[in-house]
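The values are calculated or read from the model by the stated rules, or taken from the named source; none is laboratory data. All values reported here derive from a predicted model rather than from experimental measurement. Please note: Cβ atoms are built from the backbone with ideal geometry, for glycine as well, and neighbour counts cover all protein chains shown. Note: accessible area is taken over every heavy atom of the protein model, side chains too, but ligands, DNA and RNA are not part of it. Shrake-Rupley method; radii C 1.70, N 1.55, O 1.52, S 1.80 Å.
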Amino acid sequence: MNATSLLVFDGLLLCSIVGLAWASLASHDERRGVILFIAFGLLLAVAWGRLLAPDVALAEAAIGAGLSGALLLAAVRKQSPGSSRTHANPDRNRSESGAKVVLQWLVTLLCAALAGTLAWALLHALSSTPHDTLPRAISDNLVASGVSNPVTAVLLNFRAYDTLLELAVLLTAVLGIFALGQATAGYQPAGPVFDGLVRWLVPVLILTAGYLLWVGAHAPGGAFQAGATLAAAGVVLRLAGRSRIGLPDGFALRIVMAAGVGVFLLVGLTLLLLGRSFLDYPPAWASALILLIETAAMLSIAATLLLAFVGGQPQSAGVTAAANRQREEISR
Amino acid sequence: MIDLLSSLLILAGLFFYLAGSIGLLRLPDLYSRLHALTKADNLGLGLLSAGLALHAQDLLMMLKLMLIWLAVLAASATSAHLIARQARRQETGS
């Protein structure tokens, strides 16, 4: 493939991404906006692929397009049951739309400021010579990191602090979700066709999550992508109206939620006790420790994302099944 | 020889994508649009992945491409069914 055709492809990709972003923001129908946003996320993943960043591409496709899309669709569904908002009081509508315009401008200004800062940072990084010191430092130390995928080496070893804090942010988010109280009972049981898909898709998703976790050590993949894939299996189960969506009950769920941060801290503190500095793995153990932390992180990430989709504390399986039965009886 | 065959398969795949997209834009109602899009795109992706599989470095890569096609086949058939059923339910009002 020659340079010109690639340039044409990149140009088309860029125009499509910007066009989809605009169409998604300008859409008056929220559901249409969300669907356009999902398409935008998928094309963004292709763009990351073109930038030779397959790790980011995977994360964008799984979290940015897939799970965020599912979350937004669920939010739209919750917000407008039966599209009754068009009959709302016109006075209230007017003041609401005034506030909406102010909010829109505020968000636009903040986004422009962020874009400006990022562009400045990029220009600054490109103009400072030499600008490949960081990649070189990583490839020089890769042997000692315990993994051969540079992205995993940075996330779980060189900059493990950042990942620990990211997991702490996720734990805080899930505590916020729990503060919303009990989740709704969920969806109606699926028909035979969808149920047939679920039957084989969910095991494949779980298998893929395990593969992504394992392969993260030497190729694109890792805890975040694996966690998102595992959460997707739960989302599919919930959409199919199953009473059990893979989340454990009660205390076990809390352990899974905290496992990522917990194991990370435990490893760090143990290393401190052994006289090393915090999260400074001994090279001989690095590989195993990273896999241990990533496994716990995957479970926590999956639980967090799934709980975000459920939108509150999950009811225990028995309660959900009873609610489903009750609803079936009413619909009869 | 392989290049020619692979190009032919990919071009045929693109033709079906084009046909499906035109169908989506031009056909009158949801059911026929869904029919055009799902069937043509499934065949298009099949031809495309067959064309790409000829360029694959090893058997594993070929198998992965086929797996992607099969997964999309099942997922798109199911979603087409779900969309059509939902539309029909809204139509009949039950």
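Take A:Ile290 and decide whether it is open to solvent by less than 10 Å² (accessible area, probe 1.4 Å), closer than 28 Å to A:Leu142 by Cα and under 17 Å from the mean Cα position of the chain (by Cα). Judged against the criteria, A:Ile290 is not a match. In the stretch B:24-35 there is at least one residue matching the filter, namely being at pLDDT below 90, more than 14 Å from chain A (Cβ to nearest Cβ), within 30 Å of A:Pro192 (Cβ to Cβ) and open to solvent by 90 Å² or more (accessible area, probe 1.4 Å).
Only one of the listed residues (B:Leu52, B:Leu5) is in contact (Cβ under 8 Å) with a residue 40 or more places away in the chain, more than 20 Å from B:Thr78 (Cβ to Cβ) and surrounded by fewer than 16 Cβ atoms within 10 Å (Cβ to Cβ). That residue is B:Leu5.
For the stretch A:185-238, the tally of residues that are under 30 Å from A:Ala160 (Cα atoms) and aromatic (Phe, Trp, Tyr) stands at 3.
For A:Phe264, are the conditions met, namely being within 14 Å of chain B (Cβ to nearest Cβ), crowded, with 18+ Cβ neighbours inside 10 Å and of a type in the set (Phe, Trp, Tyr)? Answer is no for this residue. Scan the stretch B:55-89 residue by residue and report those that are among the polar types (S, T, N, Q), within 12 Å of chain A (Cβ to nearest Cβ) and open to solvent by 60 Å² or more (accessible area, probe 1.4 Å). Scanning the stretch B:55-89 gives a single hit, B:Gln86.
Scanning the stretch A:224-244 for residues being open to solvent by 20 Å² or more (accessible area, probe 1.4 Å) and either in a loop (DSSP other than H, G, I, E, B) or farther than 22 Å from A:Ala62 by Cα (or both) gives a total of 3.
So is A:Gly216 under 30 Å from A:Pro54 (Cα atoms) and open to solvent by less than 50 Å² (accessible area, probe 1.4 Å) or not? Before the answer, list the steps.
Numbers: under 30 Å from A:Pro54 (Cα atoms): yes; open to solvent by less than 50 Å² (accessible area, probe 1.4 Å): yes.
Against the criterion (under 30 Å from A:Pro54 (Cα atoms) and open to solvent by less than 50 Å² (accessible area, probe 1.4 Å)), A:Gly216 qualifies.
Across the stretch A:246-284, the qualifying residues are those that are among the aliphatic types (A, V, I, L, M) and not in a helix (DSSP H, G or I), and the one among them that is farthest from the chain's Cα centre (by Cα) is A:Leu274.
Mind listing whichever residues of the stretch A:163-182 are open to solvent by less than 30 Å² (accessible area, probe 1.4 Å) and touching a strand residue (DSSP E or B) at 6+ places or on another chain (Cβ under 6 Å)? Before the answer, list the steps.
Residues of the stretch A:163-182 open to solvent by less than 30 Å² (accessible area, probe 1.4 Å): A:163-164, A:167, A:174, A:177-178, A:181.
Residue satisfying the conditions is A:Phe178 alone.
So, A:Ala160, is that one farther than 30 Å from A:Phe251 by Cα, open to solvent by less than 70 Å² (accessible area, probe 1.4 Å) and of a type in the set (Gly, Ala, Ser) or not? Judged against the criteria, A:Ala160 is not a match.
To keep it simple, each residue is scored yes or no on (1) within 30 Å of A:Leu230 (Cα to Cα); (2) assigned to a helix (DSSP H, G or I); (3) at pLDDT below 85.
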{"residue": "A:Leu73", "(1), (2), (3)": "yes, yes, no"}
{"residue": "A:Ser83", "(1), (2), (3)": "no, no, yes"}
{"residue": "A:Thr86", "(1), (2), (3)": "no, yes, yes"}
{"residue": "A:Arg92", "(1), (2), (3)": "no, yes, yes"}
{"residue": "A:Ser95", "(1), (2), (3)": "no, yes, yes"}
{"residue": "A:Ala115", "(1), (2), (3)": "no, yes, no"}
{"residue": "A:Leu118", "(1), (2), (3)": "no, yes, no"}
{"residue": "A:Leu126", "(1), (2), (3)": "no, yes, yes"}
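Do the conditions hold for B:Ala50, that is, is it within 14 Å of chain A (Cβ to nearest Cβ) and within 13 Å of the chain's Cα centre (by Cα)? So B:Ala50 fails the test.
Of the set (1) under 26 Å from A:Leu58 (Cβ atoms); (2) open to solvent by 60 Å² or more (accessible area, probe 1.4 Å), all apply to A:Ile138 but (2).
Is it true that A:Ala219 is closer than 16 Å to A:Leu247 by Cβ and more than 10 Å from chain B (Cβ to nearest Cβ)?
Values: closer than 16 Å to A:Leu247 by Cβ: no; more than 10 Å from chain B (Cβ to nearest Cβ): yes.
Taking the combined requirement at face value, the residue does not satisfy it.
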